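Student: Provided herewith is a single structure, encoded as structure tokens, for subsequent inquiry.
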Amino acid sequence: MDIREEFLKFFESKGHTRVDSAALVPDDATLLFNNAGMVPFKSIFTGEVPIPTNPRATSCQTCIRAGGKHNDLENVGHTARHHTFFEMLGNFSFGDYFKEDAIAYAWEFITEVLEFPKQKLWVTVHESDDEAEAIWAKYIAKDRIMRMGDKDNFWSMGDTGPCGPCSEIFYDQGAERFNGPEDYMGGEGDRFLEIWNLVFMQYEVKEKGGERIPLAKPSIDTGMGLERVVALKEGATSNYGSSLFMPIINKVVELIGKEYLYETGASYRVIADHIRTAVFLLAQGVNFSNEGRGYVLRRILRRAVRHGYLLGFKEPFMYKLVDTLVAIMKSEYGYLEQKAEVVKEQIELEEARFFKTIESGIELFEKELANTKDTFSGEVAFKLYDTFGFPLDLTEDMLREQSIALDIAKFDALMQAQRERAKAAWKGSGDEAVHGDFKELLEELGENTFVGYEFTKHSGEVKALLDSEFKRVQTLKAGEQGWVYLDITPFYAESGGQCGDIGELEGFAKVLDTKKFFGLNLSHIEVSKDLQVGMVVDAHVAISRAEITKHHSATHLLHAVLYDVLGDHISQAGSLVEAKRLRFDFSHPKALTHEEIAEIEQRVNALVTRGIARKTEVLPIEAAKKSGAKSQFGEKYGDEVRVVSFDKASIEFCGGIHVDNTANIGSFIITKESGVSAGVRRIEAVCGKAAYDHFCDQRTLLKQIEAEVKNSDVIAGINRLKSTIDTLKTEVKEALEAAKVEIEADEIGGVAVVIEELPSGDIKEKIDALKNQNDQVAAMLFQVKGDKVLIAAGVKGCDAKAGDWIKKVAPVLGGGGGGRPDFAQAGGKDVTKLPEAKEAAKAYITEVLG
């Protein structure tokens with residue numbers, strides 16, 4: 001039985017609209033991940049947006065609980081039912097049906113579709129919920145309905161907002177298999193397994209600790225864990241024993257060659273769970289990093305690798321599980337198969353990084369553990385994190401196995417100090433939560449009309465004004481900032497990587513940015529003249545729009561060329577399009593070579609110079625997919641999508657603004673290629689005016705270099721400098737070596753006499769040094785330079801004359817020279833006569849001084 005499909009079909013038959021699973025990264029800025037089936041509908045439940053046309057919905061939502069308030073990470077592998085990644089089946093009523101129908105639907109699906117025995121079912125209701133108990137009594141014996149308190153059976157979205165009692169449905173797995181002390185209804189054991197939670201949103205709390213006020217139109221939010229239901233239908237006593245997990249566990253067994261036993265198999269289960277989380281996040285565009293969502297992904301993968309290490313893996317293995325997982329899940333999530341090769345590369349790279357340090361980290365851990373009695377050092381735990389890449393929960397896992405506590409206070413203090421130094425503190429989702437009067441605007445005015453594809457100037461009526469807190473006002477006064485809703489607007493709202501438009505409301509305000517909130521196109525303005533609701537204004541998009549469109553179209557061409565040059569594993573991992581630059585992140589396992597960068601740049605420019613006309617079509621989404629158009633995961637597409645193409649060179653889903661012809665781009669220059677995370681590269685580039693400015697900057701820099709190297713041929717100038725540097729290095733080396741040479745002096749008639757060959761260094765400087773060191777000295781030094789001999793003589797405080805001395809010796813070497821009485825120098829041509837020259841020098845000075 002395909003339980004996922006049966007559930008969705010059942011609720012479609014009850015008038016619900018089937019809604020595809022939203023991305024794991026939510027629109028909700030307060031959450032790292034979608035962690036429940038209702039999260040994509042949160043804005044409807046809170047009243048921020050109007051109720052949809054059909055107030056009934058059903059979905060199978062992928063969820064992650066591995067950080068923040070909802071964190072099941074520590075329990076994963078050690079219990080039968082906890083997961084970091086899971087699928088939540090749900091049906092929702094937005095002010096439509098309530099308890100009567102919600103309970104009836106649940107009972108019908110469980111007993112008639114799933115065919116669970118009625119005698120195995122139990123339910124709980126809130127201790128105050130007489131209504132729910134009375135409804136349940138129509139279906140199930142009263143002695144199998146239990147009342148529970150707020151802790152178990154009351155749900156709230158937060159300190160304020162919608163809330164209400166809930167009713168949970170349990171399945172009795174039998175005393176014959178579960179007979180521990182906690183295996184009773186309401187206990188912590190697994191005998192009575194909760195499979196479905198029905199939340200009755202019937203109250204609202206306006207302020208923290210405030211009164212629960214009944215809602216005029218209460219709603220329904222239900223959630224049933226797919227993994228639990230699949231396990232029950234298959235007769236497995238653990239979720240991990242079901243067809244969703246056992247193929248992965250069996251693959252691990254095959255790879256490691258060790259039998260899996262449930263009692264000792266926690267590591268197998270951790271790996272089977274964590275590969276699901278890692279693959280889904282990577283396939284949806286989340287990348288490994290050291291903060292936010294990317295850090296959660298990294299620590300989950302590393303936790304799995306560490307458990308693999310415990311099993312005996314010494315090299316990357318997780319990536320070998322991807323195909324097994326894809327085979328299980330691809331029928332529902334086709335993008336997993338499309339992204340499989342890229343995901344495998346990313347996982348293998350991240351695993352390889354961790355395996356390089358894991359043994360050293362384990363060694364440090366065990367060394368400290370041997371010296372630990374009760375509490376493990378927070379400093380060592382931090383070193384494991386900081387130096388060896390061990391996420392804290394890995395260390396805590398290893399300590400838990402030894403029943404050892406951790407000095408978490410010390411760890412936290414060191415972590416905080418590092419964050420302050422690096423200014424890299426956790427930022428939650430990295431976005432700022434926005435609340436305001438959006439529902440009012442949507443209900444009263446609806447979405448405004450965007451005409452920016454055709455116009456950069458257009459008149460529009462100010463239908464609404466919002467202050468900086470997004471609250472409606474009638475007037476924004478000169479000097480104030482706020483947001484304007486025009487019934488017709490040419491300003492493009494930030495989306496798909498393209499920045500929001502700037503410009504002006506002629507005579508009234510400067511437009512600083514444009515964003516979209518729940519479908520509303522709002523421009524952020526700084527008012528120069530009082531602006532009131534009802535005024536008609538002329539909206540002008542800034543001239544920078546033309547440069548933005550060039551960079552956006554160039555991004556599409558770059559994407560297409562990367563696919564051709566590097567391979568079909570390329571997929572977009574993020575982008576930014578501005579007036580002065582573009583940034584494009586893409587999946588690729590290694591840095592690009594200079595040759596690849598040059599080829600990519602050349603190919604993009606070839607498409608630019610071809611002058612390809614842009615074509616824009618609005619197509620049914622299935623037709624758009626069949627056309628081969630590239631789409632971006634996580635973007636919300638309707639039944640119809642806008643497809644932008646430049647002949648066959650580039651075809652993409654895109655709601656952005658583009659040039660009419662590639663020739664308008666002008667030129668394209670790659671300014672930087674770098675790594676973002678394991679398996680993700682980034683190209684930064686400029687085109688249009690920004691490319692010309694870049695060229696001018698480079699030309700100015702070239703002129704500066706020409707001046708510095710004193711040569712219009714900078715390569716020749718640089719080579720000359722390098723040659724000079726090499727010569728200087730040689731001379732410095734020789735001087736240092738010469739300084740080490742010990743020169744011994746003889747004494748003749750009370751005068752220090754030096755006659756030596758100096759292999760390197762400056763012989764004149766050496767003679768000066770000898771004269772400074774002695775009151776009476778006569779020195780002659782020789783140095784061979786190629787096929788010549790340099791000679792220098794110096795005299796101080798004695799009757800000898802340097803000039804006469806050198807004239808006597810130089811001819812022996814086939815040379816000549818002369819100089820002053822205190823210093824003289826000469827050169828010789830016959831290196832072979834050097835021994836004879838030394839003898840002649842000694843004979844002469846002995847005769848003079850003797």
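Student: Just report the Cα centroid separation between region 624-694 and region 526-596, whole Å.
Tutor: Computed from Cα coordinates, the inter-centre distance equals 7 Å.
Student: Which value results for Rg/Rh of region 272-370 when Rg is the Cα radius of gyration and Rh the Kirkwood radius based on the inverse mean 1/r?
Tutor: Ratio of gyration radius to Kirkwood radius: 1.02.
Student: Checking the a/c ratio against 1.5 first, then a/b against b/c, what shape does the Cα gyration tensor give for region 46-197?
Tutor: oblate
Student: Between G95, L244, A837, whose Cα lies farthest towards the positive end of the dipole of the chain when Lys and Arg beta carbons carry +1 and Asp and Glu beta carbons carry -1, centred on the Cα centre?
Tutor: Checking the options against the dipole of the chain, the answer is A837.
Student: Sort 170-179, 709-718, 194-203, 674-683 by the packing proxy (mean of other Cβ within 10 Å over each peptide's residues), most packed first.
Tutor: Ranking the peptides 170-179, 709-718, 194-203, 674-683 by packing returns 194-203, 674-683, 170-179, 709-718.
Student: May I ask you to derive the FRET efficiency for S468 and A175 from their Cβ-Cβ distance with R0 = 45 Å, giving the value to the nearest 0.05?
Tutor: Computed FRET efficiency for S468 and A175: 0.15.
Student: Another question, if that's okay. Given the convex hull of the Cα atoms of region 320-422, what is a quarter of its surface area in nm²?
Tutor: 8.9 nm²
Student: On to the next question. What is the spin-label model distance, in nm, from E315 to D787 if the labels are put 7 Å beyond Cα along the C-beta direction?
Tutor: 6.0 nm
Student: Mind checking the angle between helix 292-311 and the chain's longest principal axis? C-alpha axes, 0 to 90 degrees, to the nearest 10.
Tutor: Result, in degrees: 80.
Student: Evaluate the distance, in nm, between pseudo-label points positioned 7 Å from the Cα of E112 and of N75 along their respective Cα→Cβ axes.
Tutor: Here the answer is 3.3 nm between the modelled labels.
Student: Set the Förster radius R0 to 60 Å, insert the Cβ-Cβ distance between A769 and D412 as r into 1/(1 + (r/R0)^6), and round the FRET efficiency to 0.05.
Tutor: 0.45
Student: Of the options G446, T17, W136, report the single residue whose Cα projects farthest towards the positive end of the charge dipole of the chain (beta-carbon charges: Lys, Arg +1; Asp, Glu -1).
Tutor: Projecting each Cα onto the dipole axis, the largest value belongs to G446.
Student: Could you pull out every one of the aspartates and glutamates with an alpha carbon less than 17 Å from that of K14, ignoring same-chain neighbours closer than 8 positions?
Tutor: E5, E6, D96, E100, D101, E108, E112, D221
Student: If the cut-off is a Cα-Cα distance under 24 Å, which lysines reach K439, setting aside same-chain residues fewer than 8 apart in sequence?
Tutor: K42, K206, K208, K217, K463, K471, K515, K516, K636
Student: Can you bin region 443-559 into rounded, prolate or oblate? Criterion: square roots of the alpha carbon gyration tensor eigenvalues sorted a ≥ b ≥ c, rounded for a/c under 1.5, prolate for a/b above b/c, oblate for the rest.
Tutor: prolate
Student: Only residues of region 578-604 count here: report those whose backbone N is under 18 Å from the spot 7 Å along Cα→Cβ of I705, or say none.
Tutor: Counting only backbone N, you get 594-595, 598.
Student: Take the Cα pairs of region 4-61, get the Kirkwood Rh, then feed it into Stokes-Einstein at 10 °C and 1.306 mPa s and tell me D in µm²/s.
Tutor: 129 µm²/s
Student: Same structure again: Subtracting the Cα-Cα distance from 0.36 nm times the residue separation, let me have the gained length for D152 to K138 in nm, one decimal.
Tutor: So the extension gain works out to 2.7 nm.
Student: Same structure, new question: Using Cα atoms only, what is the angle between the long axis of helix 392-402 and the major principal axis of the chain, expressed in degrees (0 to 90) to the nearest 10?
Tutor: 80 degrees
Student: Taking 0.36 nm per residue of separation and subtracting the Cα-Cα distance, what length does fully extending E494 through E454 add?
Tutor: Extra length from E494 to E454 when fully extended: 12.7 nm.
Student: Work out how far the C-alpha atoms of region 119-175 reach from end to end along every principal axis, then list the three figures in whole Å, largest first.
Tutor: 39, 24, 14
Student: Return one whole number: the accessible area per residue of region 677-807 in Å², for a 1.4 Å probe.
Tutor: 58 Å²
Student: Could you work out the Kirkwood radius for region 752-800, taking every pair of different alpha carbons, averaging 1/r and inverting it, reported in Å?
Tutor: This gives a value of 11.0 Å.
Student: Which whole-angstrom value gives the distance between the alpha carbon centres of region 160-194 and region 760-791?
Tutor: 99 Å
Student: At T727 and E596, where each label point lies 7 Å from the Cα along Cα→Cβ, what is the point-to-point distance in nanometres?
Tutor: Label-label distance for T727 and E596, simple model: 4.3 nm.
Student: What ranking, highest mean first, results for peptides 324-335, 400-411 when packing means the other Cβ atoms within 10 Å averaged over each residue?
Tutor: Highest to lowest by the protection proxy: 324-335, 400-411.
Student: Related question: Give me the 1.4 Å probe accessible area per residue for region 14-160, excluding ligands and nucleic acids, in Å².
Tutor: 41 Å²
Student: Once you charge only the Cβ atoms, +1 for Lys and Arg and -1 for Asp and Glu, what is the size of the charge dipole of region 39-126 about its Cα centre, to the nearest 20 debye?
Tutor: Roughly 240 debye, rounded to the nearest 20.
Student: Among T53, V473, G655, whose Cα projects farthest towards the positive end of the dipole of the chain, with charges put on the beta-carbon of Lys, Arg (+1) and Asp, Glu (-1)?
Tutor: Positive-end residue among those listed: G655.
Student: Ignoring ligands, DNA and RNA, what percent of the accessible area of the chain is carbon or sulfur (1.4 Å)?
Tutor: Ligands and nucleic acids excluded, carbon and sulfur give 47 percent.
Student: Give K510/K689; K367/K590; K330/K625; K733/K838; K142/K233 a once-over and call out the pairs whose C-alpha atoms are over 28 Å from each other.
Tutor: The answer is K367/K590.
Student: Could you tally the net charge around F98, taking each other residue with its Cβ under 10 Å from the Cβ of F98, Lys/Arg +1 and Asp/Glu -1?
Tutor: Summing Lys and Arg as +1 and Asp and Glu as -1 gives -2.
Student: Also: Over the C-alpha atoms of region 610-684, what are the Rg and the largest Cα-to-Cα span, Dmax, in Å?
Tutor: Spelled out, the Cα radius of gyration and Dmax of region 610-684 are 14.8, 38 Å.
Student: When a/c is below 1.5 the answer is rounded, else prolate if a/b is larger than b/c, else oblate, so apply that to region 589-739 with a ≥ b ≥ c taken from the square roots of the Cα gyration tensor eigenvalues.
Tutor: Here region 589-739 falls in the prolate category.
Student: For region 669-752, take N as its residue count and report Rg(C-alpha) divided by 2.2 N^0.38 Å.
Tutor: Here the Cα radius of gyration is 2.21 times the empirical estimate.
Student: If you take the C-alpha gyration tensor of the chain, multiply each eigenvalue by 5 and take the square root, what semi-axes do you get, largest first, in whole Å?
Tutor: 75, 40, 25
Student: While we're on this one: Any chance you could give the angle, 0 to 90 degrees and rounded to 10, that helix 594-609 forms with the longest Cα principal axis of the chain?
Tutor: Rounded to the nearest ten degrees, it is 60.
Student: Can you give the FRET efficiency for L736 and D830, using 1/(1 + (r/R0)^6), R0 = 25 Å, r = Cβ-Cβ distance, to the nearest 0.05?
Tutor: 0.25
The values are calculated or read from the model by the stated rules, or taken from the named source; none is laboratory data. Note that this is a predicted model, so its numbers are computed, not measured. Virtual Cβ from ideal backbone geometry, glycine too; neighbours counted across all protein chains shown. Heavy atoms of the whole protein, side chains included, go into the accessibility calculation; ligands, DNA and RNA do not. Shrake-Rupley method; radii C 1.70, N 1.55, O 1.52, S 1.80 Å.
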